[in-house]
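Student: The structure is given below, and queries will be raised subsequently.
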């Protein structure tokens, strides 16, 4: 099972090619996770934020988190940034008509009455391009931009397994 968990992320990441050279975004301020940010019309809480270490020889990786919203509110995740990355895309996994799993960029993601917005392996995720290699045990700062709450800072723990599966 552990072998499978180690191979699948590498195969998934290999499916997304790195973009051409683009300027890096400026550094983001250091923050602690989880973070709650009050906007004009919503309060977003980010939990279980983590990022996979880079697969050997690649400058692309994936990041995950869970966003909770105060009851009675709705919001839309518009974009994401990660300190030092050239580009971050909101991605999803989709099954083709031929039964092949593929990843592709998705548009903004709504959060509201249906429960938390979950970015997890095999589902929605952040595809991170052009980030200098990160290793297990490090942390990386980022920013999630929501329509109502605005910019929500996030700190991603670099680890090979989801937080609930990590051996602590």
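Student: Considering only residues of the stretch 62-73 that are in contact (Cβ under 8 Å) with a residue 60 or more places away in the chain and either farther than 21 Å from residue 163 by Cβ or touching a helix residue (DSSP H, G or I) at 6+ places or on another chain (Cβ under 8 Å) (or both), which is surrounded by the most Cβ atoms within 10 Å (Cβ to Cβ)?
Tutor: Step one: of the stretch 62-73, the residues in contact (Cβ under 8 Å) with a residue 60 or more places away in the chain are 62-65, 67, 73.
Within this subset, residues satisfying the condition of being either farther than 21 Å from residue 163 by Cβ or touching a helix residue (DSSP H, G or I) at 6+ places or on another chain (Cβ under 8 Å) (or both) are 62, 73.
Values: 62: 21, 73: 16.
Looking at residues that are in contact (Cβ under 8 Å) with a residue 60 or more places away in the chain and either farther than 21 Å from residue 163 by Cβ or touching a helix residue (DSSP H, G or I) at 6+ places or on another chain (Cβ under 8 Å) (or both), I get 62.
Student: Looking only at the stretch 63-109, count every residue that is part of a strand (DSSP E or B) and closer than 18 Å to residue 153 by Cα and tell me the total. Lay out the reasoning, then the answer.
Tutor: Filtering the stretch 63-109 for residues part of a strand (DSSP E or B) gives 63-69, 75-82, 87-95, 101-105, 109.
This time we only want the ones that are closer than 18 Å to residue 153 by Cα, so: 63-69, 75-82, 87-90, 109.
The total comes to 20.
Student: Could you list all residues from the stretch 117-168 that are out of contact with any strand residue (DSSP E or B) (no Cβ under 8 Å at 6 or more places or on another chain) and without any contact (Cβ under 8 Å) to a residue 24 or more places away in the chain? First the steps, then the outcome.
Tutor: So the first thing to find is which residues in the stretch 117-168 are out of contact with any strand residue (DSSP E or B) (no Cβ under 8 Å at 6 or more places or on another chain), and the list is 132-133, 160-161, 165-168.
Within the stretch 117-168, 165, 166, 167, 168 meet the criteria.
Student: With the condition being surrounded by fewer than 21 Cβ atoms within 10 Å (Cβ to Cβ) and modelled with pLDDT of 95 or more, I'd like the strands (runs of 3 or more DSSP E) fully within the stretch 115-160 carrying at least 2 qualifying residues.
Tutor: Counting at least 2 such residues, we get 139-146, 150-158.
The values are calculated or read from the model by the stated rules, or taken from the named source; none is laboratory data. Being a predicted model, the structure only gives us computed values, none of them experimental. Here Cβ is always computed from backbone atoms with ideal geometry, including for glycine, and neighbour counts include all displayed protein chains.
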